[in-house]
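Contents: one structure, followed by commentary.
The values are calculated or read from the model by the stated rules, or taken from the named source; none is laboratory data. Bear in mind the structure is a predicted one, so any value in this text is a computation, not a measurement. Every residue, glycine among them, receives a Cβ derived from its backbone with ideal geometry; neighbour counts consider all protein chains shown. Note: accessible area is taken over every heavy atom of the protein model, side chains too, but ligands, DNA and RNA are not part of it. Shrake-Rupley method; radii C 1.70, N 1.55, O 1.52, S 1.80 Å.
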Amino acid sequence: MGIQFDAEAARRVEALYQTPDVVAQRRETLKSLDLRQGERVLDIGSGPGLLAHEMAANVGPEGQVRGIDTSEDMLAMSRKRCAEQPQAAFESADATDLPYPDGSFDAAVSTQVYEYVPDIPAALAELYRVLRPGGRAVVVDTDYGSLVMHTENPGRMDRVLAAWDEHFVHGDLPRTLSPQLRDAGFTVRQCAVIPMFNPEYDSNTYSHGLIGIIASFVAGRNSVTRDEADAWAAEFAELGKQGKYFFSLNRYLFVADKPDAAKGA
Ligand SMILES: C[S@@+](CC[C@H](N)C(=O)[O-])C[C@H]1O[C@@H](n2cnc3c(N)ncnc32)[C@H](O)[C@@H]1O
């Protein structure tokens with residue numbers, strides 16, 4: 001079974017997503033979305049609501065932010081975060097079955113969600129359907145094939161990463177996302193890499209938080225014991241002390257437009 005976004009996972013994701021690495025990703029995402037006052041925007045898999053909160057400020061009280069997620073714990077977190085923003089509302093729904101009429105939104109965004117969704121063509125068809133003609137989508141996902149991490153115990157690292165593979169459905173989605181977006185009817189306008197690059201061991205980084213999430217996920221899977229998972233995580237603190245820590249993992253951002261037949265584009 002993959003990761004369950006329960007209360008504990010929600011708390012970990014919320015902390016991880018407030019590190020400067022992910023704050024920088026949100027800045028890039030918002031820049032690509034280029035929201036204007038009064039626009040209607042959908043956040044698919046809105047999680048802890050950090051992006052929705054910023055988008056609600058960008059579209060203002062005349063605008064509309066809608067967030068959907070399958071996790072009640074995440075929905076509770078996002079509702080609390082946006083409690084003072086009546087333009088933002090959140091509901092329980094799946095990315096492959098969005099509860100909105102065709103053409104409801106000027107923009108839609110989904111960051112770090114589609115890698116957990118088994119049926120990508122169905123999710124992209126829904127993304128396309130709910131956008132108005134001329135609307136835009138921004139999608140961000142990680143390609144775990146880009147992970148570079150120094151270790152002095154490669155055998156243990158391989159076992160831990162093999163167990164971590166169970167955490168997502170598509171660990172390498174970005175490499176096929178452009179053609180899949182085009183198959184869904186989109187024009188892909190931009191594709192950019194967002195590196196999560198931590199050459200030093202520091203508790204206020206993406207990689208520090210991710211190591212904790214991986215260690216807790218892999219313990220008891222794929223013959224990785226709790227002790228082995230803890231030892232795997234402890235190695236990085238030790239490498240950090242020795243000045244030998246190195247972590248790099250790429251996320252990729254796609255900007256895709258729904259053509260507007262009336263404008264010939
Ligand atoms: C890693 S979190 C990312 C949250 C948020 N998009 C962000 O970047 O801050 C992944 C989120 O996707 C949600 N999710 C997973 N599968 C989903 C699905 N099929 N439909 C909607 N949400 C889903 C999870 O519940 C979780 O909140």
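Quick notes
- Only residues that are among the small types (Gly, Ala, Ser) and farther than 18 Å from LEU33 by Cβ were counted across the range 69-102, and they come to 6.
Here is a yes/no grid of residues against (1) in contact with an Asp or Glu (Cβ under 8 Å, 6 or more places away or on another chain); (2) among the charged types (D, E, K, R); (3) under 25 Å from GLY2 (Cβ atoms); (4) without any contact (Cβ under 8 Å) to a residue 60 or more places away in the chain:
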residue: ARG159; (1), (2), (3), (4): yes, yes, yes, no
residue: ASP172; (1), (2), (3), (4): yes, yes, yes, yes
residue: ARG175; (1), (2), (3), (4): yes, yes, yes, yes
residue: GLY185; (1), (2), (3), (4): no, no, no, no
residue: ILE194; (1), (2), (3), (4): yes, no, yes, no
residue: TYR206; (1), (2), (3), (4): yes, no, yes, no
residue: ILE211; (1), (2), (3), (4): no, no, yes, yes
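- Criterion: in contact with a helix residue (DSSP H, G or I) (Cβ under 6 Å, 6 or more places away or on another chain), aliphatic (A, V, I, L, M) and part of a helix (DSSP H, G or I) - qualifying residue of ALA234, ALA215, ALA162: ALA215
- Among (1) in a loop (DSSP other than H, G, I, E, B); (2) in contact with a Gly (Cβ under 9 Å, 6 or more places away or on another chain); (3) within 21 Å of ASP34 (Cβ to Cβ), the one test that ASP106 misses: (1)
- Within the range 11-26, the set of residues being of a type in the set (A, V, I, L, M) and within 12 Å of the ligand (Cβ to nearest atom) comprises VAL13, ALA15, LEU16, VAL22, VAL23.
- Members of the range 115-157 found to be in contact with a Gly (Cβ under 9 Å, 6 or more places away or on another chain), touching a residue at least 60 places away in the same chain (Cβ under 8 Å), part of a helix (DSSP H, G or I) and open to solvent by less than 10 Å² (accessible area, probe 1.4 Å), listed by number: LEU124, VAL130
- Boolean, GLY134 is on the phi > 0 side of the Ramachandran plot and not aromatic (Phe, Trp, Tyr): yes
- Residue in the range 213-221 that is over 22 Å from GLU115 (Cβ atoms) and open to solvent by 10 Å² or more (accessible area, probe 1.4 Å) present: yes
- Count of the range 46-67 residues, restricted to those that are touching a Phe, Trp or Tyr at 6+ places or on another chain (Cβ under 8 Å) and either farther than 18 Å from LEU131 by Cα or modelled with pLDDT under 95 (or both), is 4.
- For the range 91-112, residues that are within 20 Å of ALA7 (Cα to Cα) and open to solvent by 20 Å² or more (accessible area, probe 1.4 Å) total 4.
- Every condition in (1) under 22 Å from TYR114 (Cβ atoms); (2) open to solvent by 40 Å² or more (accessible area, probe 1.4 Å) holds for LEU42 except the one numbered (2).
- Residue under evaluation GLY243, criteria (1) within 17 Å of the chain's Cα centre (by Cα); (2) over 14 Å from ARG159 (Cα atoms), criterion not met: (1)
- Residues in the range 88-103 that are over 15 Å from the mean Cα position of the chain (by Cα) and either away from the ligand (no atom under 11 Å from the Cβ) or in a loop (DSSP other than H, G, I, E, B) (or both): ALA88, ALA89, ALA93, THR96, LEU98, PRO99, TYR100, PRO101, ASP102, GLY103.
- Filtered by the rule that a residue be among the polar types (S, T, N, Q), in a loop (DSSP other than H, G, I, E, B) and open to solvent by less than 70 Å² (accessible area, probe 1.4 Å), the range 68-87 gives SER71, GLN85, GLN87.
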